[in-house]
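Peer 1: Got a structure for you, questions after.
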Number of protein chains: 2
Amino acid sequence: MTEHTYAVIMAGGGGTRLWPISRKETPKQLLPLLGKETLFQSSVARLEKIFPPERILVVTVEEQAREMRVQVPSIPKENYLIEPAPRGTASVVALAAAVVRMRDPQAIMTIQTADHHIRNQDLFQYLLHTAFDVAKKEYLVTLGITPTYPSTGYGYIQQGDALNGDYKYPVYSVKDFKEKPDEATAQKFLHSGDHSWNSGMFVWRVDTILNEVKRQMPELFNAVGEIASAWDTPKKDEVITKLWYDLEPQTVDYGIMEKAEHVAVLPAGGLGWSDVGSWDSLFEVLLPDMNGNVAANTHHLGLDTHNTLVYSVNVERLIVTIGMDDVVVVDAGDVLMICKTDQSQKVKNVVEHLKKHNQEKFL
Amino acid sequence: MTEHTYAVIMAGGGGTRLWPISRKETPKQLLPLLGKETLFQSSVARLEKIFPPERILVVTVEEQAREMRVQVPSIPKENYLIEPAPRGTASVVALAAAVVRMRDPQAIMTIQTADHHIRNQDLFQYLLHTAFDVAKKEYLVTLGITPTYPSTGYGYIQQGDALNGDYKYPVYSVKDFKEKPDEATAQKFLHSGDHSWNSGMFVWRVDTILNEVKRQMPELFNAVGEIASAWDTPKKDEVITKLWYDLEPQTVDYGIMEKAEHVAVLPAGGLGWSDVGSWDSLFEVLLPDMNGNVAANTHHLGLDTHNTLVYSVNVERLIVTIGMDDVVVVDAGDVLMICKTDQSQKVKNVVEHLKKHNQEKFL
């Protein structure tokens, strides 16, 4: 893309919803969940088609940065921004914007995630180009995902009027941000036609977003300003240590977007987007065979087996299923999990149980 | 028991119904399926409460004999009768009877299996004592098992009148042997009250059974007579090699019992007998917990899991099941099998498939 455009990947998360494959030491984004590349590598590869590596930044925690640098050596070391401790996505966004502005005051940046999957990469590029065009006009732009089912797991964005302007893709003003709804509300949103899932992907000029931070979260604005000034100097560690821990943890949605002015949304349908947020989501990402089965990295032999995911870390092991329907089988080596697909959210209960019973080695 | 009583264990079988745990090299009877002892060791231990080891014989094939001698060193080497090749249970029975008669002309012997489970060992002893009493009077005695469900997997024995005699347990003449029935017939047998499963356990005087062999299978009678005469001499190998391969393979049920005279049955209820003939049979043998689950040699954590068997060769591996009902999970290390319990007979289809596709290493 043109000069002054940057991509910032937020990559600090942990998460246990893909346990037993994702573990404390190896969170989802660092795993080759969907093939040979890790989700982090795929996210970078997707962005490297649009941005040169020196204009891609990664915000993460120290524990993950080491592995990330090994996985993606193309991104310069100084583009890894290390959070001393998690303080919410508002802090991450503000810090990244402040550092990027310090380096390039005219910058426009997109916020991207490290652990999502996007099948239709051409459309992704196309949308992002349009979003940058909109962002130039001082909009805070969100990429919305057209819902395909009544999810209660995502926040929603309600669109308002179409924006004026010669854009290559429909763009709307944002009427409202909605928290994760209950099921009846999610049904309503799905059928309304004017609600998108909040994907957590944004595009904005650094000065636009920092002005909003200044207006709504002035303490955060002052802190990241001071940190950014010290960033590329020997005083960085001292300043960040002094200021970061006192920040109030806050999300970008609640802390900034909900009450922001000039917010726009591009509602993307057909992007093939998934947050790979639970085992059942893999049925959407890894394409099932004619029986609805997905065998990932696995020597699978299924008799009378339908809509069943078999996922293994060991391609040598033969996994046989007989008479199984709607099941997720995950072979993580030291742990084997067999789960009815519609109950895969109970993985977190298992993780809780193991914590409580001091079985840390399985976490 | 008194002098002249012998136990002969038939232990040559292979069988794939407990694949992937039972394998070509390690058939069911040589595995510690139900605990620390193998089924073969348990069978011997059960008989050693009744017979001294020098009056227990094992008929098997060379490939299994080596491991059996390691597992049960108490049985003298000369009591392992090696079949050069399988020729059916009629041949095994006739050979064993001929060899035992050669050593002890007054012998009474029981035919026992190597791979069945019997929970109620006191009742087993009691029944066997009674059966020997009946056999003394020149009956061919079969131990029948009172059916607990309409099995289509066993042959049935229909009882006739009660035998006269002062026996400690009801004994009946046998009216008929029935082949494995279809489901409707099995239902009828179950409700008739006069049908037992054919367990493959017998008791008879060696001269009584050999007379029946002579009457119905004279060629077999002559062959085993000649082999037995040479058995404890240096000519054994020469004679058995000359005669054994020409024998017509035949079962003891079809070849001898169905048309035999003076057949009696002791219909045993409450013996807790199982032929451990399929994965679902383990639910009867290994006692389920209050949710109907059985965890064998396994670190199992079940959420919303019922009537599920989890069987592993690796007690270190954590096996988690969520929302599973009526499932058998078998972790054999290199193979993992997950199977709806009522479809566990399809294991043989998997074995066929693997044979056809040259995946011998999993057989």
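Peer 1: I need the inter-copy label distances for B:K77: point set 7 Å along Cα to C-beta, values in nm with one decimal, smallest first.
Peer 2: Ordered by increasing distance: 7.2 nm.
Peer 1: Which residue, B:P53, B:L123, B:S43, has the largest displacement toward the positive end of the dipole of chain B when charges sit on each Cβ (Lys, Arg +1; Asp, Glu -1)?
Peer 2: Of the options given, the answer is B:P53.
Peer 1: Report the charge-dipole magnitude of chain A in Debye, nearest 20, computed about the Cα centre from +1 at each Lys and Arg Cβ and -1 at each Asp and Glu Cβ. Intermediate results must be reported in sequence, preceding the final value.
Peer 2: Details: 36 positive and 47 negative charges, 72 e Å.
Here chain A has a charge dipole of around 340 debye.
Peer 1: Which semi-axis lengths, in whole Å and largest first, follow from the square roots of five times the eigenvalues of the Cα gyration tensor of the protein assembly as shown?
Peer 2: Numbers: eigenvalues 1135, 117, 86 Å².
Each semi-axis is √(5λ); the values are 75, 24, 21 Å.
Peer 1: Then there is this: Calculate one ³J(HN,Hα) per residue across region A:357-363 by plugging θ = phi - 60° into the Karplus curve 6.51 cos²θ - 1.76 cosθ + 1.60, and present them in order as whole Hz with x for glycine and proline.
Peer 2: 9, 6, 9, 4, 5, 9, 8
Peer 1: Further question: Considering only DSSP beta bridges whose two residues both sit in the protein assembly as shown, what percent are antiparallel, to the nearest 5? Let's see the in-between values first.
Peer 2: Numbers: 53 of 129 bridges.
Looking only at bridges with both residues in the protein assembly as shown, the antiparallel portion is about 40 percent.
Peer 1: Over the alpha-carbon set of chain A, work out the extent along each principal axis and list the three values in angstrom, largest first.
Peer 2: 61, 48, 37
Peer 1: I would also like to ask the following. Using a Cα-Cα cut-off of under 19 Å, which lysines could be cross-linked to B:K188, ignoring same-chain neighbours fewer than 8 residues away?
Peer 2: B:K175, B:K178, B:K180
Peer 1: Here is a further query. Relative contact order, percent, of chain A when contacts are C-alpha pairs under 8 Å separated by at least 6 residues?
Peer 2: The value is 19 percent.
Peer 1: Label-to-label distances across copies for A:E48, with labels 7 Å out along Cα→Cβ, in nm, shortest first?
Peer 2: 6.7
Peer 1: Still on this structure, I have one more. Using the 10 angstrom Cβ neighbour count as an exposure proxy, how do A:D182, A:D275 rank, fewest first?
Peer 2: Working: A:D182 10, A:D275 20.
Ordered by Cβ neighbours within 10 Å, fewest first: A:D182, A:D275.
Peer 1: What is the angle, in °, between the Cα long axis of helix B:39-48 and the longest principal axis of the Cα atoms in chain B? Nearest 10 is fine, range 0 to 90.
Peer 2: 40 degrees
Peer 1: Which single residue of chain A puts its beta carbon nearest to the axis of rotation relating A to B, and what distance, in whole Å, does that give?
Peer 2: Residue of A nearest the axis onto B, distance in Å: A:I338, 3.
Peer 1: Right, next: Quick one: Karplus J couplings for region B:161-166, per residue in order, coefficients 6.51, -1.76, 1.60, θ = phi - 60°, nearest Hz, x for Gly and Pro?
Peer 2: These are the phi-based 3J(HN,Hα) values: 6, 5, 6, 6, x, 8 Hz.
Peer 1: To continue, here is another question. Rounded, prolate or oblate: pick one for region A:248-363, where a ≥ b ≥ c are the square roots of the eigenvalues of its C-alpha gyration tensor, a/c under 1.5 means rounded, and failing that, prolate if a/b is larger than b/c, else oblate.
Peer 2: Details: a/c = 2.94, a/b = 1.50, b/c = 1.97.
Oblate is the answer for region A:248-363, as a/c is 1.5 or above yet b/c matches or exceeds a/b.
Peer 1: Could you sort out which of A:K28/B:K346; B:K28/B:K356; A:K236/A:K348; A:K28/A:K49 sit more than 27 Å apart by Cα distance in this structure? It would help to have the intermediate numbers written out before the result.
Peer 2: On the way: A:K28/B:K346 36 Å; B:K28/B:K356 23 Å; A:K236/A:K348 38 Å; A:K28/A:K49 23 Å.
With Cα atoms farther than 27 Å apart: A:K28/B:K346; A:K236/A:K348.
Peer 1: Follow-up question, since we're still on this one. Straight-line reach from A:K136: which aspartates and glutamates fall under 16 Å, measuring Cα to Cα and dropping same-chain residues less than 8 apart?
Peer 2: Reachable aspartates and glutamates: A:E3, A:D104, A:D166, A:D207, A:E212, A:E261.
Peer 1: To check you understand DSSP bridge types, tell me what percent of the beta bridges within chain A (both residues inside) are antiparallel, rounded to 5.
Peer 2: Of those bridges, close to 45 percent are antiparallel.
Peer 1: Right, next: In debye, nearest 20: dipole of region A:279-362 around its Cα centre with unit charges on the Cβ of K, R (+) and D, E (-)? Kindly include the intermediate steps, with their values, before the conclusion.
Peer 2: Details: 7 positive and 12 negative charges, 84 e Å.
Using Cβ point charges on Lys, Arg, Asp and Glu, region A:279-362 gives about 400 debye.
Peer 1: Helix B:121-136 sits at what angle to the longest principal axis of chain B, using alpha carbons and giving 0 to 90 degrees rounded to 10?
Peer 2: Approximately 20 degrees, to the nearest 10.
Peer 1: Right, here's the next one. Percent relative contact order of region A:279-362, based on C-alpha pairs within less than 8 angstrom and at least six residues apart? It would help to have the intermediate numbers written out before the result.
Peer 2: Details: 142 pairs, mean separation 18.3, N = 84.
Here the relative contact order equals 22 percent.
Peer 1: Could you point to the residue in B:V347, B:T298, B:V329 farthest towards the positive end of region B:279-362's charge dipole, with +1 and -1 charges on the Cβ of Lys/Arg and Asp/Glu respectively?
Peer 2: It is B:V347.
Peer 1: For region B:62-68, in order, what is each residue's ³J(HN,Hα) by Karplus, 6.51 cos²θ - 1.76 cosθ + 1.60 with θ = phi - 60°, in whole Hz (x at glycine and Pro)?
Peer 2: Going residue by residue, I get 3, 4, 9, 4, 4, 5, 5 Hz, with x marking Gly and Pro.
Peer 1: List every residue whose amide H lies under 5 Å from the amide H of B:A107, counting only residues 5 or more places away in sequence or on a different chain, with H placed 1.01 Å from N in the peptide plane.
Peer 2: Here the answer is B:V206, since their amide H atoms fall under 5 Å of that of B:A107.
Peer 1: Let me ask something additional. Per residue of A:324-330, count partner chain C-beta atoms within 10 Å of its C-beta, then hand back the mean as an integer.
Peer 2: Working: counts 6, 1, 1, 7, 2, 3, 1.
Shielding by partners across A:324-330 averages 3.
Peer 1: What residues have an amide H closer than 5 Å to that of A:I322, excluding those fewer than 5 places away on the same chain, when H is modeled at 1.01 Å from N in the peptide plane?
Peer 2: Those qualifying (amide H under 5 Å, at least 5 residues apart or on another chain) are A:L303, B:I338, B:C339, B:K340.
Peer 1: Okay, moving on. Let me have the relative contact order for region A:1-65, percent, based on Cα pairs under 8 Å that are six or more residues apart.
Peer 2: Details: 62 pairs, mean separation 29.5, N = 65.
Reported relative contact order: 45 percent.
Peer 1: Shape call for region B:181-285 from the C-alpha gyration tensor, a ≥ b ≥ c root eigenvalues: rounded (a/c under 1.5), prolate (a/b greater than b/c) or oblate? Could the numbers behind the result be given before it?
Peer 2: Values: a/c = 2.52, a/b = 1.95, b/c = 1.29.
Cα axes put region B:181-285 in the prolate bin.
Peer 1: Please determine, in degrees from 0 to 90 and to the nearest 10, the orientation of helix B:218-231 with respect to the longest principal axis defined by the Cα atoms of chain B, where the helix direction is its Cα long axis.
Peer 2: 90 degrees
Peer 1: Roughly how many debye, to the nearest 20, is the charge dipole of region B:31-75 about its Cα centre, given +1 on each Lys and Arg Cβ, -1 on each Asp and Glu Cβ, and no other charges? Please report the intermediate quantities before stating the final value.
Peer 2: Values: 6 positive and 6 negative charges, 37 e Å.
In debye, rounded to 20, region B:31-75 gives about 180.
Bear in mind that the values in this text are calculations on the coordinates, not laboratory data. Nothing here was measured: the structure is a model prediction, and the numbers come from that model. Every residue, glycine among them, receives a Cβ derived from its backbone with ideal geometry; neighbour counts consider all protein chains shown.
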